[in-house]
Amino acid sequence: MLITARSLNRATLARQLLLGRASGGVTDALRRVVALQAQQPASPYIALWNRLADFAPADLDAAVAGLQAVKATLMRVTLHMVHAEDYPPFREAMEPTLRASRLGDARFTESGLTAADAEALVPELLKYADRPRTSAALQGRLEERLGAPLEQSAWRMLRQYVPLWHAPAEAPWSFGTRQTYVAAGTRPVLADPDAAAAGLRVLVHRYLAGFGPASVADVAQFSSVRRSRARAALQALADDLVQLEGPGGTVLYDIPGAPRPAEDAPAPPRLMAMWDSVLLAYADRSRVIPPAYRKLVIRMNGDVLPTLLVDGHVAGVWRPADGGIEATAFHPLPDETWEGLRAEARSLVAFLADRDPTVYRRYDHWWSKGLPAAEIRLLPGD
């Protein structure tokens, strides 16, 4: 069966709750969208505001405080927020990648420690992290055990490998710049190839449900696992999947019966969070980001700017400004689109008012360096 690029876009939007805000609670939504990028503390909140009708940020506060929604280093070796029940298999799926990228990093190996040393240290660190601990406290405990100081960079590599959750600490977005850590409530199995393979099958199936249809390369991009592992997981799941032919003859895999709306399904405008998952979940990012705009919104240092999503594709960027939201469109937009964006801006300004009206302000330097603009408008917040 053939599927067009536009149909792939609509499938992504439907599964990511972006064709229309869904009803339901935050934990159910988190399971449906699989994982939310969480490098910036506000982003999971804004991501759910985009996806849920009547989203109350206090509900996500409660899920985080109750450790139902947890933040940890996972896919692409970056911070994600996932449902606590998903954490063990997702972490097991990521074990080979995290082990190689953190324990194989020169910043770790040059400390004189080995992967075997790390394995021996993990249980003690997790026992000590039975309640929230600062990074400095954890490092100090480790140095007591080693009887010698440890370079900060080596400790950072080890900390990102150990199955720790970021402990909720402060308003307005549950996490702030001073991070504390707590041992994962349900411990994943580490350094076990069978557990890693089983976890990856779970992750791939969930990924297809939340982001599919997708190729081997897409699975590898989303997770940062080797393509050989992604291919093996898809082959193991073959009896439960369907195959489609995508643009250019690419083989795509999907869950039978998963939503694949018509390519002319209307897609309302959205003001997307920084690092929103839909911008990063595919090897072929043209599904959502026009190629000409990719380097404008995904910067060289890895920052992914908050974007205007118009007809399902990135059309510009936004940032808070005095009086509302400043929207920079990379190409001309029709009046009805601007009206839709104005409505979104009013809602977003009201949403941010009690939390952080100047969210993402620290990233304003990207605007000062210049962004191409067909039109810049201040979308009022009232």
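List residues of the stretch 78-103, by number, whose backbone nitrogen lies under 16 Å from a label position 7 Å along Cα→C-beta of ARG187.
What the label zone holds, given the 16 Å backbone N cut-off, is 88-89, 91-92.
Principal axis lengths of the stretch 219-265 from Cα atoms, whole Å, largest first?
Cα extents, longest axis first: 35, 22, 19 Å.
Restricting to Cα pairs below 8 Å that are 6+ residues apart, what does the relative contact order work out to for the chain? Please round to a whole percent. Working shown, then result.
Numbers: 663 pairs, mean separation 71.5, N = 382.
Relative contact order, the chain: 19 percent.
With the other protein chains left in place, how much accessible area per residue, in square angstrom, belongs to the chain at a 1.4 angstrom probe?
Per residue, the chain has 41 Å² of solvent-accessible surface.
How compact is the stretch 1-42 by the rule of thumb for globular proteins, expressed as Cα Rg over 2.2 N^0.38 Å?
Compared with the compact-globule rule of thumb, the stretch 1-42 sits at 1.41.
Once the cut-off is 15 Å, how many percent of the Cα-Cα pairs in the stretch 146-211 end up in the long-distance tail?
When all Cα pairs of the stretch 146-211 are counted, 71 percent exceed 15 Å.
Given the stretch 91-132, what whole percent of its Cα pairs are spread farther than 13 Å?
Working: 526 of 861 pairs.
Cα-Cα pairs in the stretch 91-132 separated by more than 13 Å: 61 percent.
Roughly speaking, what is the stretch gain from ALA171 to THR109, that is 0.36 nm per residue apart minus the C-alpha to C-alpha distance, in nm to one decimal?
Taking ALA171 through THR109 to full extension adds about 18.6 nm, to one decimal.
Using Stokes-Einstein with the Kirkwood hydrodynamic radius over Cα pairs, what translational diffusion coefficient do you get for the stretch 1-73 at 4 °C and a viscosity of 1.567 mPa s, in µm²/s rounded to a whole number?
My calculation gives 98 µm²/s for D.
Only four residue types carry charge here, +1 at the Cβ of Lys and Arg and -1 at the Cβ of Asp and Glu. Report the dipole size of the stretch 287-382 about the Cα centre in Debye, rounded to the nearest 20.
540
Please state the Cα pair-distance histogram of the stretch 260-382 with 5 angstrom bins from zero: what percent is in each bin?
2, 11, 22, 25, 21, 13, 5, 2, 0
At 7 Å along the Cα-to-beta-carbon direction for both ALA197 and ARG361, put a label point, then send me their distance in nm to one decimal.
Output for this residue pair reads 5.3 nm.
log₁₀ I(q)/I(0) of the stretch 20-60 at q = 0.20 Å⁻¹, via Debye over equal Cα point scatterers, no solvent, to two decimals?
Log10 I(q)/I(0), no solvent term: -0.52.
In cubic angstrom, how much convex hull volume per residue do the alpha carbon atoms of the stretch 246-326 span?
127
Could you tell me the convex hull volume per residue, in Å³, taken over the Cα atoms of the chain?
Once divided by residue count, the hull of the chain is 138 Å³.
Loop only by DSSP, 15 or fewer other Cβ within 10 Å of the Cβ. Give me the chymotrypsin sites (Phe, Trp or Tyr not before Pro) in the stretch 240-328 that pass, ordered by residue number.
Loop-located and lightly packed - none at all.
Relative contact order for the stretch 140-183: what percent, with Cα pairs under 8 Å and sequence separation of 6 or more?
Averaging sequence separation for qualifying contacts and normalising by length gives 28 percent for the stretch 140-183.
Under the rule a/c < 1.5 gives rounded, and otherwise a/b versus b/c splits prolate from oblate, where does the stretch 79-158 land using the Cα gyration tensor?
oblate
The values are calculated or read from the model by the stated rules, or taken from the named source; none is laboratory data. Just so it is clear, the model here is predicted, and its values are computed rather than measured. Don't worry about glycine lacking a Cβ; one is built from the backbone with ideal geometry, like all the others, and counts go over all protein chains shown. Areas reflect the complete protein model, heavy atoms only, side chains present, ligands, DNA and RNA absent. Shrake-Rupley method; radii C 1.70, N 1.55, O 1.52, S 1.80 Å.
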